[in-house]
Amino acid sequence: MSAHAGHGLDARQPTATGGERRFPAYGPVDAVLGYVLFYVVVTRATPTATAVLADVLDVSRSLVGLGLALFLWFVLLMTAIEQVRRQLGALGVGVYSNPGRWKWALPAEPRALVFLVVALLGGVVAAWTFESAVETAVALIPVVARPDVAAFDVDAALVMAVFFVAFGLASAALDRLVVDGARTMLAE
């Protein structure tokens, strides 16, 4: 164990079940990037969503805008609470299980290289398809609010799906790189 073990700063600490508690827990980078994407999409979609929902629900546009703003704050709050809960759980405060934990037989350096390649490739694909994906997401609001199958663009929806998969892979891989790096620094 490192010199920090007595102070609770060691990245690998034994648990009561004989396994290892790992601090920091995975997720903070992924959560920040995911929220930023969510914020950008909601911000870009707000004028369309406000117009369509005000018409469909027969309420004022300002009320719909307020609802969207409150929803952004709610998602931010829940994201922050979940990340604090994860990090405290990784320190042994409270209960936290990490069902999404990736188990690798690779040593740390090749694993980091895999995450780096996934982050770069996913990031390039996500950057390439970002504008189209956001435009498609905004264009889908009226299609969903007033079901109109003829207005649904399958090709644009596929590009949007590619964006979200690439973004998710890049975000998760970058999260693993940063958290594994922090764990390594804390273990020294």
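Screening His7 with (1) surrounded by fewer than 14 Cβ atoms within 10 Å (Cβ to Cβ); (2) modelled with pLDDT of 95 or more gives one miss only, at (2). Is it true that some residue in segment 157-170 is closer than 30 Å to Phe23 by Cα and either in contact with a Phe, Trp or Tyr (Cβ under 6 Å, 6 or more places away or on another chain) or not hydrophobic (A, V, I, L, M, F, W, C) (or both)? Yes; the residues of segment 157-170 include at least one that is closer than 30 Å to Phe23 by Cα and either in contact with a Phe, Trp or Tyr (Cβ under 6 Å, 6 or more places away or on another chain) or not hydrophobic (A, V, I, L, M, F, W, C) (or both). Val125 meets each of the listed conditions (1) at pLDDT 95 or above; (2) closer than 30 Å to Ala54 by Cβ apart from (2). Report, by residue number, each residue of segment 129-146 that is under 13 Å from Val159 (Cα atoms) and in contact (Cβ under 8 Å) with a residue 60 or more places away in the chain. Passing the criteria: Val134, Ala137. Selection over segment 128-173 of residues that are over 16 Å from Thr46 (Cα atoms), open to solvent by less than 40 Å² (accessible area, probe 1.4 Å) and touching a helix residue (DSSP H, G or I) at 6+ places or on another chain (Cβ under 7 Å) gives a count of 10.
Of all residues in segment 44-62, those satisfying the criterion of being in a helix (DSSP H, G or I) and open to solvent by 50 Å² or more (accessible area, probe 1.4 Å) are Arg44, Pro47, Leu53, Asp55, Val56, Leu57, Arg61, Ser62. The residues of segment 63-114 that are more than 27 Å from Leu169 (Cβ to Cβ), open to solvent by 90 Å² or more (accessible area, probe 1.4 Å) and either modelled with pLDDT under 90 or touching a strand residue (DSSP E or B) at 6+ places or on another chain (Cβ under 8 Å) (or both) amount to a single one, Val95.
The values are calculated or read from the model by the stated rules, or taken from the named source; none is laboratory data. Since we're looking at a predicted model, the values are computed, not measured. Glycine also receives a Cβ, built like all others from the backbone with ideal geometry; neighbour counts cover every protein chain displayed. Areas reflect the complete protein model, heavy atoms only, side chains present, ligands, DNA and RNA absent. Shrake-Rupley method; radii C 1.70, N 1.55, O 1.52, S 1.80 Å.
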